[in-house]
Amino acid sequence: MSPRSASVNEAMRQRSRERLLRATVELVEERGYEATTLAGIAERAGSARGLVSYYFSGKRALLQSAVHRLMSEELAAALAREPRTADGRELLARAVDAILALTRTHTTLMRTHMASILQEEGFIQCPEQQRLAQLLRQTVADWGAQQPEEEYRLLRALLMGATVALLLPGAPMPLHRLRAELFQRYGLDWTAGTPPPDDEARRPDA
């Protein structure tokens with residue numbers, strides 16, 4: 001039997017890594033961060049325990065990569081959904097809504113993630129985080145930012161702040177209010193993107 005090519009090996013490694021990331025999302029949402037173990041993640045992913053340590057420095061790094069992968073996938077899907085558009089304002093509205101929506105669809109995961117990145121080490125650089133950054137940077141460039149890198153960093157900070165406000169135990173801010181602030185800052189129409197289900201009742205100008 002001839003040895004596998006480098007491209008085949010790389011594809012297999014990528015699939016193994018993605019299985020670990022998916023398993024992390026599933027287990028953290030099911031059990032919480034503390035009860036999720038690296039051994040449990042490997043078992044859920046159908047991978048050898050040693051592969052976790054091969055790809056990731058620890059559970060926190062694995063968590064951040066898993067969440068950044070989820071965020072980049074949700075963002076990419078929102079930007080590419082039908083009807084396709086090159087309208088920069090519509091794309092930015094979709095991006096904002098995609099990220100904020102994760103606080104509703106993956107509440108435990110996002111709360112755990114925000115707690116993690118606020119620790120001393122901050123962002124852990126990984127391919128998933130870089131992909132997310134690339135998508136957001138391109139979105140603000142399409143929106144018309146004169147300095148896309150600077151605007152990307154500001155947007156990232158605003159989205160992080162809004163996410164924390166949405167997830168704050170005991171005193172969460174309403175989604176429509178935070179969305180309105182972001183949309184006003186970027187000159188976006190309330191009907192763009194994916195308005196909240198209670199759109200008509202919560203419109204800022206209603």
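Being under 19 Å from LEU132 (Cα atoms) and small (Gly, Ala, Ser) is a property that ALA93 has. Screening the candidates GLU29, GLU10, GLU74 for the property of being of a type in the set (Asp, Glu), part of a helix (DSSP H, G or I) and touching a residue at least 40 places away in the same chain (Cβ under 8 Å) yields one hit, GLU29.
Annotation note: Cβ proximity below 6 Å between a residue of the stretch 79-106 that is under 18 Å from PRO196 (Cα atoms) and modelled with pLDDT of 95 or more and a residue that is polar (S, T, N, Q) and outside any helix (DSSP H, G or I) (sequence gap 6+ or interchain) occurs for ASP97/THR194.
Pairs are defined by a Cβ separation below 8 Å, a sequence spacing of at least 6 or placement on different chains, a first member in the stretch 45-66 that is closer than 15 Å to GLN125 by Cβ and touching a residue at least 60 places away in the same chain (Cβ under 8 Å), and a second member that is among the charged types (D, E, K, R) and assigned to a loop (DSSP other than H, G, I, E, B); the pairs so defined are ARG60/GLU121.
Looking for something assigned to a loop (DSSP other than H, G, I, E, B), crowded, with 16+ Cβ neighbours inside 10 Å and among the aromatic types (Phe, Trp, Tyr) - is there at least one such residue anywhere in the stretch 114-135? There is no residue in the stretch 114-135 that is assigned to a loop (DSSP other than H, G, I, E, B), crowded, with 16+ Cβ neighbours inside 10 Å and among the aromatic types (Phe, Trp, Tyr).
Within the stretch 134-149, residues that are without any contact (Cβ under 8 Å) to a residue 24 or more places away in the chain and more than 22 Å from ASP189 (Cβ to Cβ) have Cβ atoms under 9 Å from residues that are part of a helix (DSSP H, G or I) and aromatic (Phe, Trp, Tyr) in these pairs: ARG137/TYR152, counting only partners at least 6 apart in sequence or on another chain.
The values are calculated or read from the model by the stated rules, or taken from the named source; none is laboratory data. Because the structure is predicted, anything quoted here is derived from the model rather than measured. In this analysis, Cβ positions are derived from the backbone assuming ideal geometry, glycine residues included, and neighbour counts consider all displayed protein chains.
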